[in-house]
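Contents: one structure, followed by commentary.
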Amino acid sequence: MKRKTIAALIAVLTVGMSTSVWAAPSISQIIPEAPVVITGNLTGNQTLVVTNANTTAYKNTTVAEIVKKANDDNTITTVKEILAGLKVDTKTEEIKTTTGTTVNPTLYEQITPFVDLAIKENDKIIYETTGAIQATITVEAAKEMKKKDVLLMQIDPNSGKVYFVAPEKLDSKTGEITATFQTLGPVAVLKTVPVVVKDTDPEKYENEKVTEAITQFKDETKDVNLADVLNILTTEDTTAIQVADGVTINAADYSTAMGFADLAIKQGEDYLYDMDGSLEAEANRDLASTDWQKLVQSVNPDYDIAAAEADPSLLTELEPFTIPGSFLMQINPVTGEAEYIYEPELYFALPNSDEDEEETEDDEEEVRTSWTVEDETASEDTPNLVIRAEFKSMGPFAIFLPNDAQ
């Protein structure tokens, strides 16, 4: 997933640098102060230090190659590619932080190169430790960031094991991070990637069938029949489509109540669609791109549609709701696979109404576990339809209802 631009990396690593080429920053630019040990099995002659990554000192040659590639000024290596090189399966393996919180590393990008966390004893640099070390480091790139959006990725230079370490504290004014490190060796700072909802862009899809299907229906805001979509995507029997455990439908009996929209990772001015794992999100979609009248009347036939058409803000007074028999269809633009999310929760909200409040030290969320995904094309004057679901991929999605829904 090519989601880290050199220019963006420079912007977060250094202040006031105008060049568009990433000249490898010095340690003082990345971590301007020596780490401070809080707890750890260090002797009186030992100090914890941060140095430039010394790949020649790693016993594991694969780790050395991966770190060298990731730190190469002339290449852009993503977190997903780093993990693939280390044989970490981000498609099927549940990835957890060192404290047991599930995390999707393909939704993170590097904001620093790898540096070495090590012990210095006299003039010798040591990469082995007899236990975890809790320490505080100051990271320039972490300034102005929220703790739950920052993650440390550490690689054991001997075994190749990868650790994801969530900060225990983060001072957003100074960039001071307190964390417990399970090992020594290369460590990089990651941040969450921005995810958006936008109009579909079929030319960006890798899968030709997905491109064909969405191109055909991209201008429709409602009443796209599911069977028509599937007849382009697949040769399977559309009269027996499983949309949930124990729920099989005839695709011809279902149509959209919104136009297809894209869920995408934003990279500068570009958009990316390659994600492993899943994304827990509240995805916003512009009201004009939905058949909100049908959605509302499916659960409340007596709702005053005319009043809401005259004053759409009335929709925000509705409680979150689910529509019996409805489902969200997602189409993976890389594999072409269709996924179904049965009876997602829906509600209406003004754009940006769910922005995160300023984070305090009492914030209990270790890492970001859900995203509020704004619609880049949404009007600021009317509410959005908000879909609360666990999305299985990036790419096009739409809500389908039974044809006989009110």
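Only loop residues by DSSP count here, and only those with at most 16 other Cβ atoms within 10 Å; note down the GluC sites (Glu not before Pro) in the range 206-314 that meet that.
Sites meeting the loop and neighbour criteria: 206, 220, 236, 269.
Taking the Cα centre of the range 226-358 as the origin, how large is its charge dipole in debye, to the nearest 20, when only Lys and Arg (+1) and Asp and Glu (-1) carry charge on their Cβ atoms? Please list the in-between numbers first.
Working: 3 positive and 29 negative charges, 125 e Å.
Taking the Cα centre of the range 226-358 as origin, the dipole is about 600 debye.
Can you give me the long-range amide H partners of residue 373? Hydrogens built in the peptide plane at 1.01 Å from N, cutoff under 5 Å, separation of 5 or more residues or another chain.
When sequence neighbours closer than 5 places are left aside, the close amide H contacts are 282, 283, 284.
Once you compute Rg and the Kirkwood Rh from C-alpha atoms, what is the Rg to Rh ratio for the range 148-261? Don't skip to the end; give the middle numbers.
Values: Rg = 23.0 Å, Rh = 18.7 Å.
Rg divided by Rh gives 1.23.
Compute the normalised compactness of the range 231-327: alpha-carbon radius of gyration over 2.2 N^0.38 Å, N being the residue count.
Scaled against compact globular proteins, the figure is 1.36.
Per residue, how much accessible area does the chain have with a 1.4 Å probe, in Å²? If you can, show how the numbers build up before the last one.
Details: 18490 Å² over 406 residues.
Per-residue accessible area for the chain comes out at 46 Å².
Probe radius 1.4 Å, ligands and nucleic acids left out: which of 377, 238 has the largest accessible area, and how do the rest follow? Walk me through the intermediate numbers first.
Values: 377 65, 238 20 Å².
Result of the area sort, largest leading: 377, 238.
If you average the alpha carbon positions of the range 321-342 and of the range 189-240, how far apart do those two centres end up, in angstrom?
So the separation of the two Cα centres works out to 10 Å.
Let's see if you can work this out: charge +1 on each Lys and Arg Cβ, -1 on each Asp and Glu Cβ, no other charges. What is the dipole magnitude of the chain about its Cα centre, in debye to the nearest 20? Show your work: numbers first, answer last.
Values: 31 positive and 72 negative charges, 470 e Å.
Roughly 2260 debye, rounded to the nearest 20.
Provide the packing ranking of 34-46, 147-159, 387-399, i.e. peptides ordered by the mean count of other C-beta atoms within 10 Å per residue, highest first.
Values: 34-46: 13.2, 147-159: 21.3, 387-399: 23.0.
Order by mean packing, descending: 387-399, 147-159, 34-46.
Work out Dmax and Rg for the chain from the C-alpha atoms and quote the Rg first, both in angstrom.
Answer for the chain, Rg first and Dmax second: 24.1, 79 Å.
Provide Rg and Dmax in Å for the range 176-220, with only Cα atoms included in the calculation.
For the range 176-220, the Cα-based Rg and Dmax read 20.3, 55 Å.
Which ³J(HN,Hα) values in Hz, rounded to whole numbers, follow from the phi angles of the range 145-154 under the Karplus curve 6.51 cos²θ - 1.76 cosθ + 1.60, where θ = phi - 60° and Gly and Pro get x?
10, 8, 4, 6, 9, 10, 9, 9, 10, 10
Could you give the size of the charge dipole of the range 111-156 about its Cα centre, using +1 on the Cβ of each K and R and -1 on the Cβ of each D and E, expressed in debye and rounded to the nearest 20? Could you put the intermediate results ahead of the total?
Details: 6 positive and 8 negative charges, 57 e Å.
It works out to roughly 280 debye.
Could you go through the range 115-121 in sequence order and give the Karplus-derived ³J(HN,Hα) for each residue, using 6.51 cos²θ - 1.76 cosθ + 1.60 with θ = phi - 60°, rounded to whole Hz, and x for Gly and Pro?
Once θ is set to phi - 60°, the couplings for the range 115-121 become 10, 9, 9, 8, 9, 9, 10 Hz.
Name the residue from 133, 78, 98 whose Cα lies farthest towards the positive end of the charge dipole of the range 63-138, charges +1 on Cβ of Lys and Arg and -1 on Cβ of Asp and Glu.
Result: 98.
Of 69/161; 87/146; 209/392, which ones are farther than 24 Å apart at the Cα?
Details: 69/161 17 Å; 87/146 30 Å; 209/392 19 Å.
Those over the limit are 87/146.
Picking from 246, 268, 325, which is most flexible by a Gaussian network model of the chain using Cα springs under 10 Å?
Among 246, 268, 325, the largest mean-square fluctuation in the Gaussian network model of the chain belongs to 246.
The values are calculated or read from the model by the stated rules, or taken from the named source; none is laboratory data. Computed from a predicted model, the values in this text were never measured in an experiment. Heads up, the Cβs are rebuilt from the backbone with ideal geometry, glycines too, and the neighbour counts pull from every protein chain shown. Each accessible area value is taken on the protein alone, full model and side chains, heavy atoms only, with ligands, DNA and RNA left out. Shrake-Rupley method; radii C 1.70, N 1.55, O 1.52, S 1.80 Å.
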